[in-house]
Amino acid sequence: MVVAILIATMAFQAAVSPAGGVWQDDTPPHRAGEAVMAYNNPKIYKNFIRSNTVAFVTSLSTILLLISGLPFKYRFFMWALMAIMWVSVTAVGVTYGASIMVVTPGFDRKSLSQVIKTGISVWSGVMVVLLAGNIIRLLLRWLRRVGVGFWTSERCFRKSGEV
């Protein structure tokens, strides 16, 4: 719950005060209060807003699920909360990357983009390993529940002629 609240707070603050600031004056083509990033880096701004919105909505969803009184003794609800938080934390990372790209001077962007690409690759790998591990764990639990046993002493120590 604390992590979800912190992510919601961060996402809200990033939305009302984006990296690069907001325009202070009303001169064409912009108006006061609009994000500078939207004019100087429109492609990065779109990605920033999308990922920030995903982080905000998923963290609010987590908070809502936690305070709703759902029975979290069921593994499905816990798995759903975990998946939602993975999405939320990943969206925060993307928001961070977009913010850093905007505030980094042009002469450092090339090396920074390489660092961000490496970070994304590592993060994606970690997410795939975690997702695969959890799916395997859920499948094994389900198979045990329906009566198919893996890695049992009977199965591992059968004599060569038995089926």
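The values are calculated or read from the model by the stated rules, or taken from the named source; none is laboratory data. The structure presented is a predicted model; accordingly, all values stated were derived computationally and were not measured. Backbone-built Cβ (ideal geometry, glycine too); neighbour counts: all protein chains shown. Only protein heavy atoms, including side chains, enter the accessible area calculation; ligands, DNA and RNA are left aside. Shrake-Rupley method; radii C 1.70, N 1.55, O 1.52, S 1.80 Å.
Sparse packing (at most 12 other Cβ atoms within 10 Å of the Cβ) combined with a DSSP loop state is found for none of the chymotrypsin sites (Phe, Trp or Tyr not before Pro) in segment 15-61. Across the chain, Cα pairs under 8 Å and at least six residues apart give a relative contact order of 22 percent. With contributions of -39500 (n - 2.57) from each DSSP H run of at least four residues, the per-residue ellipticity at 222 nm computed over the chain stands at -24500 deg cm²/dmol. Relative to the longest principal axis of the Cα atoms of the chain, helix 42-67 runs at roughly 50 degrees. Evaluated at q = 0.08, 0.19 Å⁻¹, the base-10 log of the normalised Debye intensity for segment 1-160, with identical point scatterers placed on the Cα atoms, takes the values -0.38, -1.20.
Counting lysine pairs in the chain whose alpha carbons fall under 26 angstrom apart, excluding pairs fewer than 8 residues apart on the same chain, gives 4. Using a 1.4 angstrom probe on heavy atoms only, work out the carbon and sulfur share of the accessible area of segment 78-143 in %. Here it works out to 79 percent.
Per residue, segment 1-157 exposes 68 Å² of accessible surface when a 1.4 Å probe is rolled over the protein heavy atoms with every protein chain present.
In a fully extended conformation the segment linking Leu140 and Ile63 would gain 24.7 nm over its present Cα-Cα distance, using 0.36 nm per residue.
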